[in-house]
Amino acid sequence: MDNMNITSAQYTTDMEGNNASIKATIDGTEMSVPLDPANRHYAEILRQVEAGELTIAEAD
Amino acid sequence: MSKARGLADLGNAFDDGALSNRNLIINGGMVIDQRNGGSAVTLTAAEVFIADRWPVYETQTSVLSGQQNQGSVTPPDGFSNYMGYTSLAASTVSANNIHIFFHNIEGYNFAQAGWGTANAKPVTLSFWVRCSLTGSFGGSFVNHDQNRSYPFTYTVSAANTWEYKTITVAGDTAGTWKTNNQRGLNINWSLGTGSDYEGAEGAWVASNKFSAAEGTVDLIGTSGATWQITGVQLEVGDTATPFEHRSYGDELQRCKRFFEVTTLNDHTFSKYNSNSAYGNVSWEVEKRSAPTLTLTGDWKAYGSGQGAASVVNLYAQHEDTGSARLQIDNGSYSSYFVRQGTPTAGLILADAEL
C-alpha cells in the first residue's frame, strides 16, 4: 500500500562525505530517509527510481 | 461467554502454544495514539496513521475522517477506546479504488505460524465492530509481496450495535511469508474496495486482494455512515480466546518499536567545522529498521558561554535503529545546547512502520 507522492529526493552526506540518507518530500512533508532497505520510505524511493518516476539528486 | 467455555478456549490456546503473548496485534484495544492524541484526521490519498499501528490507505482523498473514539459511543464491555471512521460523502467506488483499514505484523512475530511451509498453522482473528450500516463486509490477509491473499467476510447484523466477530483461516502452505523485520502479515478491513482488488472469500489466491467480492457493503458509499472497531486479536490456532489486555506501558513500548516522538532539551551539540555542529539522539526503544525522521516545529541553540539563544535549523544527518546523528549549521562556539524553540516546540518523529 505504499503509493507515496514523492516530489523531491536528494542525498545528504556524512562527515566522511559518504551518502548517509535522503532528504525527501513525501506526501507534502520533508523527511530524512535512511538508506535501509527495510525502511518503507526508502523501499518506495527505490521502487520509484527503478520505475523511472523519480531521480535522487546528488548531495550539495 | 461462560466460564467453562472460556477455560476450554484457554486450554485450546495452551495446546496451540501460548497462554500469554497470544495476541500478535499491537494496540488492538486502540489505546495508544502518539501521533494525534485523539484528534480527528481527514484522510488524504495516502497511507495515514491515526491510532498507533493502525493506518488507513485510500486512493481517493477526503472521503473519510478518522479518530480515536470518534463519535463518543460507549465501547464494548472491558474496553475504553476504539477507532472510528465516518464517510464524508456518498462516494463511488471505482474498480481500481482502495479504502482499507489495516494492521501489519512484523515477520519476527508472525514466524511462529509457519506460513509458506508444510507446517503452516491456522490463525484466528477476533474483533468488536459497530457500524451504522448492516450487511456483509469484506477484508483480507495478505503477504509482504502482495502475491498471496485470503479474502474474508463478516456480517454486521444490527446497526449501531457492537458485535463480536471471529474468523479462522487455514495457514497458507504456499508463497513467501517474511520471518524477519519486514511485513510478516497484513490484515485488511475494507471500507470501500473496487472490483480489481476483490477476490472470492475463503480461499487463497496468488494476487493482491484486499477484500472479498462477497463483502458488498462499502462504507464510503453512504454519506455519514460510521464504522468503529476495537479489541482486535490475532492468535495462532483455530480458537478465539478472550482479548489479552496488556498494560498501557507495555503497549506503548511495543508501539515505539515502530514509531516514537521525542525532542531535545538542552542537548549538547559539538562543533565539527566552521559550519556544523553534531549531536546524537537515542531512541527509547530499538526500532524495527532505521527510521525515517521528520523534524517539526522550532529549535534554538545556546552557544557555549553565550547568554542568548539563536534560532537554528536542525537536520537529520544519519539514522540507525538505535539512534540518529543530528546537525545544526552554526558558527563559532565549541559546543551548543539545543532545545525546543518557539512559537512551535520542536519535535522529532521517528517512523519505522511496516
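The values are calculated or read from the model by the stated rules, or taken from the named source; none is laboratory data. Small disclaimer: the values here were computed from a predicted structure and weren't measured. Note that each Cβ is placed from the backbone with ideal geometry, even for glycine, and that neighbours are counted across all protein chains shown. These accessible areas exclude ligands, DNA and RNA; they are computed on the full protein's heavy atoms, side chains included. Shrake-Rupley method; radii C 1.70, N 1.55, O 1.52, S 1.80 Å.
Quick notes on this structure:
- Candidates B:I220, B:I229, filtered to the one that is in a helix (DSSP H, G or I) and touching a residue at least 60 places away in the same chain (Cβ under 8 Å): B:I220
- Restricting attention to the range A:7-60, the residues that are within 10 Å of chain B (Cβ to nearest Cβ), of a type in the set (S, T, N, Q) and in a loop (DSSP other than H, G, I, E, B) total 2.
- Filtering the range B:185-236 to residues that are under 30 Å from B:N109 (Cα atoms) and among the hydroxyl-bearing types (S, T, Y) leaves B:S190, B:T193, B:Y197, B:S207, B:S211, B:T230.
Here's the yes/no breakdown for (1) over 21 Å from B:Y164 (Cβ atoms); (2) of a type outside the set (A, V, I, L, M):
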| residue | (1), (2) |
| --- | --- |
| B:R35 | yes, yes |
| B:I50 | yes, no |
| B:T61 | yes, yes |
| B:D77 | no, yes |
| B:S87 | yes, yes |
| B:Y108 | yes, yes |
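- Any hit, the range B:201-215, residues being out of contact with any helix residue (DSSP H, G or I) (no Cβ under 6 Å at 6 or more places or on another chain), within 30 Å of B:Y315 (Cβ to Cβ) and open to solvent by less than 20 Å² (accessible area, probe 1.4 Å): no
- Taken together, A:E44, A:E58, A:E30, A:E16 contain a single residue that is among the charged types (D, E, K, R) and closer than 30 Å to B:S211 by Cα, which is A:E44.
- Test: residue in the range B:266-275 that is more than 13 Å from every other protein chain (Cβ to nearest Cβ), part of a strand (DSSP E or B) and more than 19 Å from A:D14 (Cβ to Cβ): yes
- Residues of the range B:76-117 that turn out to be closer than 17 Å to B:W177 by Cα, open to solvent by less than 40 Å² (accessible area, probe 1.4 Å) and within 14 Å of another protein chain (Cβ to nearest Cβ), as a count: 4
- Positions within the range B:291-327 being assigned to a strand (DSSP E or B) and away from every other protein chain (no Cβ under 14 Å), in sequence order: B:D298, B:W299, B:K300, B:A301, B:Y302, B:G303, B:A309, B:S310, B:V311, B:V312
- Complete set of residues in the range B:41-57 that are of a type outside the set (A, V, I, L, M, F, W, C), outside any loop (DSSP other than H, G, I, E, B) and either at pLDDT below 90 or open to solvent by less than 10 Å² (accessible area, probe 1.4 Å) (or both): B:T42, B:E47, B:P55
- When residues of the range B:280-290 are limited to those that are small (G, A, S) and within 13 Å of chain A (Cβ to nearest Cβ), the one farthest from A:A38 (Cα to Cα): B:A290
- Residue within the range B:168-182 that is closer than 19 Å to B:Y57 by Cα and assigned to a loop (DSSP other than H, G, I, E, B) present: yes
- On inspection, B:N36 fails the criterion of being in contact (Cβ under 8 Å) with a residue 24 or more places away in the chain, assigned to a loop (DSSP other than H, G, I, E, B), farther than 18 Å from A:R40 by Cβ and in contact with a Pro (Cβ under 9 Å, 6 or more places away or on another chain).
- Scanning the range B:121-143 for residues that are within 23 Å of B:D238 (Cα to Cα) and assigned to a loop (DSSP other than H, G, I, E, B) returns B:K121, B:P122, B:N143.
- Residue in the range B:183-194 that is away from every other protein chain (no Cβ under 14 Å) and open to solvent by 10 Å² or more (accessible area, probe 1.4 Å) present: no
- Within the range B:18-40, tally of residues that are modelled with pLDDT of 85 or more and open to solvent by less than 50 Å² (accessible area, probe 1.4 Å): 14
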